Amino acid sequence: MESLRAKKGFICDMDGVIYHGNQLLPGVKEFVEWLQKEEKQFLFLTNASSRSPKELQNKLYRMGLEIGEEHFYTSALATAKFLQSQAPGCSAYVIGDHGLYNALYDAGITINDVDPDYVVVGETVTYGYEHIITAMNLVNKGARLIATNTDITGPIEGGIAPACRAFVAPIEATTGKKAYYVGKPNPLMMRTGLQILGVHSSEAVMIGDRMDTDIIAGIETGLDTALVLSGVSTRATIKEFPYRPRLILNGVGDIAI
């Protein structure tokens, strides 16, 4: 634990680590106060694509945490950055909420449901049959399939909800084309996070609640890793994976003790 506390940079997942739905998790306030008091570089990096950094900032403010907008980075921003670097000025048919749309607009990507360069899929509460039909036909016509993240479910108050990979699955199944997933555990998103923090991977730690996105992303990017049991993982489910986090914590509050 002391080697973790000595790290310069902290990359933290949000869902299941900082909050469940609109409920702040125990120990989070103390953890954030510790980060600020110790003058750590920290970034809340989330695979959720629905909200913008400003909205995430406001959400935590309503929960009693004052954190600057610069401390948030989403898979929507990572996806927009990826498309901007691959095909500047491209167009996309988008299945997602305003956080994804705003990120794409800001990157100069136009919305196109006739002959787009890409079909981009993120989380949305309005997903439906018509989305699947449109997406599969556009992919069959040559549009490349991009997804914001590989999460198949995400934690919510009272249980779990389908996430991005669940929405992509019928499009992949009906077209035979596999999506390129931009968010964690893709090293692209992790390297951007380290660049934002301005620290080397050896000086940073990845804190998350998912073995298949957070922990493997940290391991493959060369970060120290800490799994918290406040989200989807349990000590039993950890055994299902061939890799391990260096530390297992009840929650991020354990770091601030």
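The values are calculated or read from the model by the stated rules, or taken from the named source; none is laboratory data. Treat the numbers as computed from the prediction; the structure is a model and nothing was measured. Cβ placement follows ideal geometry from the backbone for every residue including glycine, while neighbour counts extend to all protein chains displayed. The area values use the complete protein model at the heavy-atom level, side chains included, leaving out ligands, DNA and RNA. Shrake-Rupley method; radii C 1.70, N 1.55, O 1.52, S 1.80 Å.
Considering (1) touching a strand residue (DSSP E or B) at 6+ places or on another chain (Cβ under 8 Å); (2) outside the structural domain of T234 (by the TED database); (3) part of a helix (DSSP H, G or I); (4) surrounded by fewer than 21 Cβ atoms within 10 Å (Cβ to Cβ), the lone condition that V168 does not fulfil carries the number (4).
Going by the conditions given, is F44 open to solvent by 10 Å² or more (accessible area, probe 1.4 Å), touching a helix residue (DSSP H, G or I) at 6+ places or on another chain (Cβ under 8 Å) and of a type in the set (A, V, I, L, M, F, W, C)? No.
(1) at pLDDT below 95; (2) open to solvent by less than 70 Å² (accessible area, probe 1.4 Å); (3) under 16 Å from F82 (Cα atoms): which one isn't true of R191, the others all being true? Here R191 meets the rest and fails (2). Here T225 meets the list (1) modelled with pLDDT of 95 or more; (2) of a type in the set (S, T, N, Q); (3) in a helix (DSSP H, G or I) almost entirely, failing just condition (3). Pairing each residue of region 237-251 that is of a type in the set (S, T, N, Q) with any residue that is assigned to a loop (DSSP other than H, G, I, E, B), provided the two are 6+ apart or on different chains, yields C-beta distances under 9 Å for N250/P26; N250/G27; N250/L229; N250/S230.
Residues in region 194-245 that are within 14 Å of F44 (Cα to Cα) and touching a helix residue (DSSP H, G or I) at 6+ places or on another chain (Cβ under 7 Å): L194, A204, V205, M206, G208. Counting only residues that are part of a strand (DSSP E or B) and open to solvent by 70 Å² or more (accessible area, probe 1.4 Å), which one in region 136-160 is modelled with the highest pLDDT? Restricting to residues being part of a strand (DSSP E or B) and open to solvent by 70 Å² or more (accessible area, probe 1.4 Å), the top hit is R144.
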